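The values are calculated or read from the model by the stated rules, or taken from the named source; none is laboratory data. Bear in mind the structure is a predicted one, so any value in this text is a computation, not a measurement. Glycine gets a Cβ as well: all are built from the backbone with ideal geometry, and neighbour counts include every protein chain shown.
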């Protein structure tokens, strides 16, 4: 196909299938974008600066270095894990390490094949396409993405009815970085097209201390080691939560203290914002309270549990449940969610004599019951 004709098809795609909400934005991964939001300012910009996740970091570093030496775009990358662990940050780092621009969009914004075709047709060679929440793409867009990832082309349908013709549009080599909190919901054909899959797990407290020291320096927060350690220990193993709590402790220290984040300021601020000594917040405790007080420890279905705490089922499953299961406060059973002895103890309650003892499903179990977030 000639260059003029190909450009013409790309123009048609943009006009027909590129609504504003589906348009990907181009981000300079190495720039600051004027630090529009605090979270963006706190993101590491290179793989060497990324703390924690040593296995994923080393594996991804190998993939990127090999691609650089070959002079070709790396294999497509899939990052999975609970929210707030650094999937978006790693996607930005991939582009920065490759010294290529990154185009950012999300699964919910790609609801038609035309939306995806408009994004793909405007990619340059070696560009990184970041698809957040990739498991929420429409089925028609997923099928188009299969071909684009494997053969670097999309089929453009011209005309309607019996006279419609599919014309292949060649794409320059590019790299897809997909992020998902629910890898089990990805169809197998899409999952298999990713050359590298990395699962991010919760961070150790020592890694969070390192992150918070760096964040305190960037934010200009005067903090000592006991104060940082106290915040890190209540951050549920999640950097996003740790950075958010650090900012709230800073606020408390500026208003009620002397502007210095120490152990006392951290404890008082976190108590004000309903974060207890174990790092459980209002939603976590509400889930445990419902399990123990309303349902006698369970088992109870996820939907019923979510209604009882006034939240969506997805919120309970992706926000509260991963940490509660990991820390042994709740178990997932074939019959539903159940409270463990540690949950009763944390709430200061005595479990009933006939409370069922349920075994938790393994977190790494693959298939429909897999817990990804």
ask   = Do you know which residues across segment 311-333 are touching a residue at least 12 places away in the same chain (Cβ under 8 Å) and not in a helix (DSSP H, G or I)?
value = 311, 327, 328, 329, 330, 331, 332, 333
note = Of those in segment 283-310 that are without any contact (Cβ under 8 Å) to a residue 24 or more places away in the chain and within 19 Å of residue 182 (Cβ to Cβ), the residue surrounded by the most Cβ atoms within 10 Å (Cβ to Cβ) is 306
key: The lone exception for residue 342 - which of (1) closer than 30 Å to residue 212 by Cα; (2) touching a helix residue (DSSP H, G or I) at 6+ places or on another chain (Cβ under 9 Å); (3) free of Cβ contacts under 8 Å to residues at least 60 places away in the same chain; (4) surrounded by fewer than 18 Cβ atoms within 10 Å (Cβ to Cβ) it fails   = (2)
So residue 196, is it out of contact with any strand residue (DSSP E or B) (no Cβ under 6 Å at 6 or more places or on another chain), modelled with pLDDT of 85 or more and under 30 Å from residue 76 (Cβ atoms) = no
ask   = Of all the helices (runs of 4 or more DSSP H) wholly in segment 166-253, which have at least 1 residues that are without any contact (Cβ under 8 Å) to a residue 40 or more places away in the chain, touching a helix residue (DSSP H, G or I) at 6+ places or on another chain (Cβ under 9 Å) and surrounded by 15 or more Cβ atoms within 10 Å (Cβ to Cβ)?
value = 205-219, 225-233
message = Any residue at all in segment 269-288 that's more than 22 Å from residue 215 (Cβ to Cβ) and in contact with a strand residue (DSSP E or B) (Cβ under 8 Å, 6 or more places away or on another chain)?
response = yes
remark   = Filter segment 52-64 for residues that are at pLDDT 85 or above and surrounded by 13 or more Cβ atoms within 10 Å (Cβ to Cβ); the one that is farthest from residue 127 (Cα to Cα) is 53
note = Inside segment 127-166, the number of residues satisfying the requirement of being on the phi > 0 side of the Ramachandran plot and modelled with pLDDT under 80 is 2
